[in-house]
Structures are given as C-alpha cells and as structure tokens.
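Only one structure is covered here, and it is reproduced in the block below.
The values are calculated or read from the model by the stated rules, or taken from the named source; none is laboratory data. All values derive from a computational prediction rather than experimental measurement. Neighbour counts run over all protein chains shown; Cβ positions are idealised from the backbone, glycine included. Calculation scope for accessible area: heavy atoms of the full protein, side chains included, ligands and nucleic acids excluded. Shrake-Rupley method; radii C 1.70, N 1.55, O 1.52, S 1.80 Å.
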Amino acid sequence: MATLNAHQALVLSLCEWIEKHLDCGIALPELAALSGFSVWYMQSVFRATTGIAIGRYIRERKLTEAVYKLRETELRILDIAVEFGFNSQSQFTTLFKKYYGITPQACRQNPNLVLRLTPPLAQITADVA
C-alpha cells in the first residue's frame, strides 16, 4: 500500500470536498481557503498532480453527474441545471452541448449513446493509496 505525498493528499481532500458539493456553486477562492493555500498554489498543485485544471475538473464532474440524472430520472432539464449550480438552463445547455456535442434533451432521448464521462478523481486517487 503506497502512501500519498503532500500534493496527492491535498488533491484527494479537494476532490472529496468537490464531490460533496457538486450541487452548488463552487468558488475557487472558497476552495482555496478550505485547503489553506492560495488559489494560485492550489490550482498549480491540482494541475501538476492530475493533469487537468481544477475548474475544468469541477465542470466535467457536474456535467457527468447531470448525464446520470438525465438518463436515470424524469427531472426537468431546468431542475437538473439548478441542482448542479448552473446559472440557467441556457448556460447548462450551452456547456453540455459544447462538451458532449449534443443537447441534454438528446442525451435523455438516446440513453445508450456513449459519452466521455469524468469519474471522480477521489476514487482513482484513493485506489492508488
């Protein structure tokens, strides 16, 4: 069983916090304050450790969880957008289409369509430990 270095431990704790707060707006200054580091340092450690920017990771995790909600529930698209902290259904649809190339409605209508989903890094990082 490998031990985590300080950067991996920081990233793991950030990922765990992000997973618990996907249903709200996540502000990087708030996340940095919780980590005890500056926004710049937190972002640089996250990117160096994971290869992805923290803002992008948060956005991709929210979109991935939205895909599950679209496929597994009858919730309105607006309600899903609000649940994951998007400012509006329009913003959610724009980001969803930009990332997946289809609208949320098309995703719901084609549940077998293969999409690139972003798994929680907390699970991946914890598996390494």
Would you check which residues across segment 16-30 are farther than 24 Å from Tyr99 by Cα and either surrounded by 18 or more Cβ atoms within 10 Å (Cβ to Cβ) or of a type in the set (Asp, Glu) (or both) and list them?
Glu30
Being at pLDDT below 95 and either among the polar types (S, T, N, Q) or over 30 Å from Ile102 (Cβ atoms) (or both) is the filter here, so list the residues in segment 46-67 that pass it.
Ala48, Thr49, Thr50
Quick check on my filter: what residues within segment 105-119 are surrounded by 12 or more Cβ atoms within 10 Å (Cβ to Cβ) and closer than 12 Å to Tyr68 by Cβ?
Cys107, Arg108, Leu115, Leu117, Thr118
Does segment 74-102 hold any residues that are open to solvent by 40 Å² or more (accessible area, probe 1.4 Å), closer than 21 Å to Arg116 by Cβ and not in a helix (DSSP H, G or I), and which are they?
Gly101
Among (1) over 18 Å from the mean Cα position of the chain (by Cα); (2) assigned to a helix (DSSP H, G or I); (3) at pLDDT below 95, which single condition is Ala106 missing?
(3)
Pick from Ser13, Ser44: which is surrounded by fewer than 17 Cβ atoms within 10 Å (Cβ to Cβ), without any contact (Cβ under 8 Å) to a residue 12 or more places away in the chain and part of a helix (DSSP H, G or I)?
Ser44
Quick check: anything in segment 112-122 part of a helix (DSSP H, G or I), hydroxyl-bearing (Ser, Thr, Tyr) and either over 28 Å from Val11 (Cβ atoms) or modelled with pLDDT under 95 (or both)?
no
Residue hits (segment 36-60; touching a Phe, Trp or Tyr at 6+ places or on another chain (Cβ under 9 Å) and not small (Gly, Ala, Ser)) are Val45, Phe46, Thr50, Ile52, Ile54, Tyr57, Arg59, Glu60
